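Presented below is the structure to which this report refers.
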Amino acid sequence: MRTLTDDLGFQVELPDAPVRRVVSLVPSLTEAIAATTPDALVGATDWCTHPAALDVPRVRGTKNPDLAAITALDPELVVANKEENRELDVKRLRDRGITVWVTDIETVPQALGSMRRLFTGVLGWDAPEWLDEADHLWQESAGRESELAESEGTRGVVVPIWRDPWMVVGHPTYTADLLARLGYEVVVPDGAEGRYPHAELSALDSTDLADLVLLPDEPYVFTPDDGPEAFTAVPTRLISGRLITWYGPAMVEAAKELPGQLR
């Protein structure tokens with residue numbers, strides 16, 4: 001056995017051999033594992049929608065996982081995330097004798113580093129090609145977008161994640177860091193604090209606050225008929241929620257597609 005420390009500082013005992021039975025409680029990591037060693041993924045949550053053809057037993061949601069179902073799958077490792085999953089559920093799994101590795105990701109570099117450690121150190125696999133490509137693309141993108149920001153300036157964006165009541169992306173979040181690397185500063189009204197604060201629509205729809213409103217399709221499913229009509233002052237743009245919130249293979253797509261979509 002070997003002992004490693006997860007992103008939250010918890011010591012995790014792991015087998016010396018590569019891990020071959022994994023349950024993922026994080027949609028991003030489910031896609032990442034399925035794209036790397038699909039046969040090792042033995043369970044995932046109902047919210048794990050990628051890849052589209054994923055066919056593994058489901059263990060309910062990210063915030064209410066079926067602990068008995070997870071136990072029955074006999075995983076060598078359960079992967080979780082500080083934001084996506086509840087500390088209580090992680091504790092209950094560990095109390096059942098199940099090994100859990102918790103990630104903590106708030107920036108693009110954290111995502112790349114945490115996943116590389118997960119795959120090569122924790123799971124004992126080779127680094128996937130998509131991870132090497134994501135690393136290269138985001139390094140390349142950082143230089144390109146830095147030059148663009150210097151010439152054009154940074155644009156302020158509001159990113160709602162819910163309506164009635166309205167909630168928006170704040171700081172520190174992976175989404176805010178990713179967009180900052182593309183020349184867009186996530187902004188919130190005065191007094192709105194935290195990672196995902198509530199805000200009044202009138203405060204969000206202000207050109208004094210933002211240059212653009214990005215309307216993702218998750219967790220709230222904004223559509224052409226549901227979202228844009230609420231904003232009369234600030235222009236809106238519908239965008240893939242996966243590209244701005246999912247780490248994993250989505251980071252490759254995000255680096256390639258978002259710069260063009262946001263211009």
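The values are calculated or read from the model by the stated rules, or taken from the named source; none is laboratory data. Worth saying up front: this structure is predicted, and the values here are computed from it rather than measured. Don't worry about glycine lacking a Cβ; one is built from the backbone with ideal geometry, like all the others, and counts go over all protein chains shown. Surface accessibility is based on the protein's heavy atoms, side chains included, excluding ligands, DNA and RNA. Shrake-Rupley method; radii C 1.70, N 1.55, O 1.52, S 1.80 Å.
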(message) Residues to consider are Thr45, Thr49, Thr36; find the one that is of a type in the set (Ser, Thr, Tyr) and closer than 18 Å to Lys82 by Cβ.
(response) Thr45
(message) Can you find, within segment 248-257, the residue that is farthest from Thr36 (Cα to Cα) among those that are over 14 Å from the mean Cα position of the chain (by Cα) and open to solvent by 20 Å² or more (accessible area, probe 1.4 Å)?
(response) Glu257
(request) Filter the helices (runs of 4 or more DSSP H) completely within segment 37-134 down to those with at least 1 residues that are under 19 Å from Arg20 (Cβ atoms) and open to solvent by 60 Å² or more (accessible area, probe 1.4 Å). (result) 67-72
(request) Go through Thr207, Thr245, Thr232 for me and flag whichever is surrounded by 19 or more Cβ atoms within 10 Å (Cβ to Cβ) and either more than 30 Å from Ser114 (Cα to Cα) or of a type in the set (S, T, N, Q) (or both). (result) Thr245
(message) Which of the numbered conditions does Thr71 fail, given that it passes all the others? Conditions: (1) among the β-branched types (Val, Ile, Thr); (2) farther than 25 Å from Met251 by Cβ; (3) in contact (Cβ under 8 Å) with a residue 40 or more places away in the chain.
(response) (3)
(message) Take the conditions open to solvent by 40 Å² or more (accessible area, probe 1.4 Å) and of a type in the set (Ser, Thr, Tyr) and apply them to Thr3. Does it pass?
(response) yes
(request) Identify, from the list Tyr220, Tyr196, the residue that is modelled with pLDDT of 95 or more, open to solvent by less than 60 Å² (accessible area, probe 1.4 Å) and not in a strand (DSSP E or B). (result) Tyr220
(request) Considering (1) small (Gly, Ala, Ser); (2) more than 30 Å from Ser24 (Cα to Cα); (3) open to solvent by less than 50 Å² (accessible area, probe 1.4 Å), say which one Gly260 fails and leave the rest. (result) (3)
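If you take the residues of segment 74-84 that are closer than 11 Å to Val42 by Cα and touching a residue at least 60 places away in the same chain (Cβ under 8 Å), which of them is nearest to the chain's Cα centre (by Cα)? It would help to see each step written out before you state the result.
Taking segment 74-84 as the starting set, the residues that turn out to be closer than 11 Å to Val42 by Cα are 74-78.
Still in the list and also touching a residue at least 60 places away in the same chain (Cβ under 8 Å): 76-77.
Values: Glu76: 23, Leu77: 20 Å.
Result: Leu77.
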